[in-house]
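Each remark here refers to the structure printed beneath this line.
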Amino acid sequence: MNPPLPNREQAIQLLRETNCPPQVINHCIAVANYALELACKLQKNGITLDLSLIEAGALLHDIGRSKTHDVDHSLAGVEIAQNLGLPPTIVNIIKRHVGAGIAPKEAQRLGWPKDIYIPQTLEEKIVCYADKRIDNDKDVVPIEIEINRLQTAGFGEAAERVRRLHIEITNLIGETHD
């Protein structure tokens, strides 16, 4: 049996206890709020989702930023989450949220252990997508900003994954996408 999911207060407390900077905690709260907003829209379209998982996963997706702010923060977060005894569903959200996922060849170039780093479940995709849409800890920004940022930094594959994720989520919600 998996351990229970932390609720909102417990997740925020875990971020504090692992020494996540306040701006990271605020970002995680904003991502969770937007992820839940998206999930509610999806549920209105008849899609069944685990809202508790989405909330806890979104709140904890950047827990690894207590150790590092580079792309490896997801791996640091996985280690922290496992040490805290968090459920595998949360660990997978943390592992798979970076750059709309990390392809196997990219993971190999980064020296990461062989694993799946692309979001698999709809809950994982929602958290990943919400993370790409929240600017620091404030507003929901157009997806083009994240796509352009990734392209400019030379991460064309990641930019394309973000674009595809945007299309998938907006299609499921029933919104138009650019």
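The values are calculated or read from the model by the stated rules, or taken from the named source; none is laboratory data. Everything numeric here is computed off the predicted structure, so don't read it as measured data. Quick reminder, even Gly has a Cβ in these numbers, built from the backbone with ideal geometry, and neighbours come from all protein chains shown. Ligands, DNA and RNA are stripped out before the accessible areas are found, and what is left, the full protein with its side chains, is counted by its heavy atoms. Shrake-Rupley method; radii C 1.70, N 1.55, O 1.52, S 1.80 Å.
Across region 34-80, the number of residues qualifying as without any contact (Cβ under 8 Å) to a residue 40 or more places away in the chain and among the small types (G, A, S) comes to 4.
Only one entry in T68, T18 is out of contact with any strand residue (DSSP E or B) (no Cβ under 7 Å at 6 or more places or on another chain), among the hydroxyl-bearing types (S, T, Y) and more than 22 Å from P119 (Cβ to Cβ), namely T18. Checking each residue in region 1-24 for being over 17 Å from T121 (Cα atoms), crowded, with 16+ Cβ neighbours inside 10 Å and touching a residue at least 60 places away in the same chain (Cβ under 8 Å) picks out P6, L14, T18. Could you say whether any residue in region 86-107 is aliphatic (A, V, I, L, M) and either without any contact (Cβ under 8 Å) to a residue 12 or more places away in the chain or at positive phi (or both)? Within region 86-107, one or more residues are aliphatic (A, V, I, L, M) and either without any contact (Cβ under 8 Å) to a residue 12 or more places away in the chain or at positive phi (or both). Are any of the residues in region 45-60 open to solvent by 40 Å² or more (accessible area, probe 1.4 Å), in a helix (DSSP H, G or I), among the small types (G, A, S) and modelled with pLDDT of 95 or more? Yes: one or more hits.
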